[in-house]
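Below: the structure, in structure tokens.
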Amino acid sequence: MKNVLVIGSTGQIGSELTMKIRREIPEGNVVAGYIPGAEPKGELLESGPAELADVRNAQQLADIVEKYGIDTIYNLAALLSAVAEKKPLLAWDIQMNGLLNILEVAREKKCAVFTPSSIGSFGPETPHVGTPQDTIQRPRSMYGVTKVATELLSDYYFHKYGVDTRSVRFPGLISNVTLPGGGTTDYAVEVYYSAVKGEEFVCPIAPGTYMDMMYMPDALGAAVHLMQADPSRLVHRNSFNIASMSFEPETLFAKIREYIPSLKVRYEVDPVRQAIANSWPDSMDDSCARAEWDWKPTYDIDSMTVDMIACLRRKLL
Ligand code: SER
């Protein structure tokens with residue numbers, strides 16, 4: 001991994017992943033790919049190249065790969081679960097036609113490809129507790145349908161053409177640089193902003209709803225580490241369960257109140273998000289990732305909360 005294209009570089013994951021890879025591979029070109037209306041700014045813009053990279057434009061992708069000698073593509077373009085329910089055709093277009101364009105460029109130019117999957121790739125029939133690596137994947141959301149298809153198509157390109165595709169099933173990602181855009185797990189990010197700003201938080205997810213969550217530094221570590229892993233050890237490729245913490249909303253709120261006792265929360269359950277959340281795992285079994293590429297998270301709910309509050313106080317107050 002030396003010359004890297006990050007597609008979706010201004011999104012929740014991309015804005016931090018691009019900077020991490022630039023720091024770790026200073027001799028490489030790490031291109032911040034973006035779409036109109038989501039241009040990189042500040043440090044992201046100033047610390048390396050940036051190019052228009054719409055996944056739906058195959059020629060644009062091929063030109064960037066050629067120009068910078070790209071060897072690895074991080075494909076982070078996606079509509080998250082709640083937005084994808086509102087715009088299912090657009091979600092399919094970005095997530096599937098976009099992926100096909102990327103995999104074709106990767107086949108021709110011999111690039112490795114990372115396209116995240118998600119807890120959203122599971123559905124109501126999936127075992128919810130200790131969700132195994134290899135199990136039933138029959139999601140009912142468009143987001144989930146595209147994520148299962150992403151896993152299958154990525155594995156297809158590996159087996160048929162030898163394209164080095166690898167990926168993880170991300171839990172809900174909690175971060176403090178860029179807000180997520182329309183996911184079911186977003187509440188676990190937004191409540192920190194409300195807590196630090198001293199505003200009441202309106203929670204769209206009902207008490208008692210467990211979902212896997214992860215702090216962004218662990219998620220970024222997984223994305224980089226997996227792409228650098230010894231391929232001879234990988235039994236699986238698309239995609240690995242990775243897990244670090246699982247909680248229901250009231251557990252998170254109680255944890256935040258240990259540091260910000262004034263946090264006020266009211267529940268106003270969103271039926272679309274709640275139905276999606278109910279169909280997702282409570283907690284995934286990530287033993288294959290641990291065995292095949294030494295995955296190990298570093299943050300738990302307490303250390304994450306301390307860091308989130310400190311970072312957001314610096315940013316917002
Ligand atoms: N965070 C995503 C969502 O809620 C799940 O991968 O849509």
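Some notes on this structure:
- Of the numbered criteria (1) in contact (Cβ under 8 Å) with a residue 60 or more places away in the chain; (2) hydrophobic (A, V, I, L, M, F, W, C); (3) in contact with a strand residue (DSSP E or B) (Cβ under 6 Å, 6 or more places away or on another chain), the one Ala106 fails is (1).
- Contact map, segment 170-197: first residue more than 14 Å from Phe247 (Cβ to Cβ) and in contact (Cβ under 8 Å) with a residue 24 or more places away in the chain, second residue basic (Lys, Arg) and near the ligand (Cβ under 10 Å from one of its atoms), Cβ cut-off under 6 Å, separation 6 or more or different chains; pairs are Thr184/Arg273.
- Test: residue in segment 109-116 that is in contact (Cβ under 8 Å) with a residue 24 or more places away in the chain, in a helix (DSSP H, G or I) and open to solvent by 20 Å² or more (accessible area, probe 1.4 Å): yes
- Restricting Val196, Val189 to residues that are closer than 21 Å to Asp300 by Cα and open to solvent by less than 10 Å² (accessible area, probe 1.4 Å) narrows the list to Val189.
- Filter pass, Ala82 being small (Gly, Ala, Ser), away from the ligand (no atom under 16 Å from the Cβ) and either within 19 Å of Ser121 (Cβ to Cβ) or part of a helix (DSSP H, G or I) (or both): no
- Selection count where residues are assigned to a helix (DSSP H, G or I) and within 12 Å of Pro204 (Cβ to Cβ), scope segment 246-298: 8
- The set of residues in segment 219-241 being in contact with a strand residue (DSSP E or B) (Cβ under 8 Å, 6 or more places away or on another chain) and open to solvent by 10 Å² or more (accessible area, probe 1.4 Å) consists of Met227, Ala229, Leu234, Arg237, Asn238.
- Among the residues of this structure, Arg22 counts as one that is farther than 18 Å from Leu179 by Cα, at pLDDT 95 or above, part of a helix (DSSP H, G or I) and of a type outside the set (S, T, N, Q).
- Scan of segment 163-178 for residues that are more than 12 Å from the ligand (Cβ to nearest atom) and either open to solvent by 20 Å² or more (accessible area, probe 1.4 Å) or closer than 11 Å to Gly11 by Cβ (or both), ordered by number: Asp164, Asn176, Val177, Thr178
- Across segment 181-238, the qualifying residues are those that are part of a helix (DSSP H, G or I) and β-branched (Val, Ile, Thr), and the one among them that is nearest to Arg22 (Cα to Cα) is Val224.
- Any hit, segment 135-148, residues being touching a Ser or Thr at 6+ places or on another chain (Cβ under 6 Å), more than 14 Å from the ligand (Cβ to nearest atom) and outside any loop (DSSP other than H, G, I, E, B): no
- Only one of the numbered conditions (1) of a type in the set (S, T, N, Q); (2) in contact with a strand residue (DSSP E or B) (Cβ under 8 Å, 6 or more places away or on another chain); (3) open to solvent by less than 20 Å² (accessible area, probe 1.4 Å) is violated by Ser244, and that is (3).
- Just one of the listed residues (Tyr215, Tyr267) is out of contact with any Lys or Arg (no Cβ under 9 Å at 6 or more places or on another chain), within 30 Å of Met142 (Cβ to Cβ), in contact (Cβ under 8 Å) with a residue 60 or more places away in the chain and within 14 Å of the ligand (Cβ to nearest atom), namely Tyr215.
The values are calculated or read from the model by the stated rules, or taken from the named source; none is laboratory data. Predicted model, so just to flag it, every value in this text is computed and none were measured. Because the Cβ atoms are built from the backbone with ideal geometry, glycine has one as well, and the counts that use them run over all protein chains shown. These accessible areas exclude ligands, DNA and RNA; they are computed on the full protein's heavy atoms, side chains included. Shrake-Rupley method; radii C 1.70, N 1.55, O 1.52, S 1.80 Å.
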